[in-house]
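Quick notes on the structure that follows.
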Amino acid sequence: MKNQGKLVLGLLLTLIIVVFAVLNVAPVKINFGFAEVKWPLIIIIIGSLLIGAIITALVSTSTSVAHRKEQKKLQQQLKEAQGDQQKQLQEQVQKQTKQYKDQIARKNQEIKGLKAQIAQADVPDDGPNNLS
């Protein structure tokens, strides 16, 4: 829909320029500094329009190329940053996993020690009724 609007606007602008040019067909003198020519005004209008279109196309093309180069550069930087971020995340996960495994090993050792203490302290108890 957006392109259709541009097309309609372009056609209307072209129609206005054509009507303006057809209404101005009188010959006009043009002085180029080294030569003087007499051309119909319609040729001058259309020639000026074409030169303007060519200049606009060249400027927009060079700008577009610069934007594409910048976009490629930024995409490459983004890939590198994402790769670095992924690497850092993996390193953090590995570090945290190692810390948890070490903590589990310490807790297991502590449990073994406590079980050993319980086993040593677990002396048969005759109970409170035994008054020997």
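Could you tell me whether ALA119 is in a helix (DSSP H, G or I), modelled with pLDDT under 90 and among the small types (Gly, Ala, Ser)? When the stated conditions are applied, ALA119 passes them.
Taking each residue of the stretch 32-50 that is of a type in the set (Lys, Arg) and looking for partners that are not in a helix (DSSP H, G or I) with beta-carbon atoms closer than 9 Å, six or more apart or interchain, yields LYS38/PRO27; LYS38/VAL28; LYS38/LYS29; LYS38/ILE30.
Scanning the stretch 1-26 for residues that are in contact (Cβ under 8 Å) with a residue 24 or more places away in the chain and small (Gly, Ala, Ser) yields a single hit, ALA21. Selection within the stretch 39-54: residues that are in a helix (DSSP H, G or I) and surrounded by 13 or more Cβ atoms within 10 Å (Cβ to Cβ). The member of this set that is nearest to the chain's Cα centre (by Cα) is LEU49. Quick one: is PHE34 surrounded by fewer than 10 Cβ atoms within 10 Å (Cβ to Cβ) and not polar (S, T, N, Q)? So PHE34 passes the test.
The values are calculated or read from the model by the stated rules, or taken from the named source; none is laboratory data. A quick note: this is a predicted structure, and the numbers were derived from the prediction, not measured. Reconstructed Cβ throughout: ideal geometry from the backbone, glycine too, with neighbour counts over all protein chains shown.
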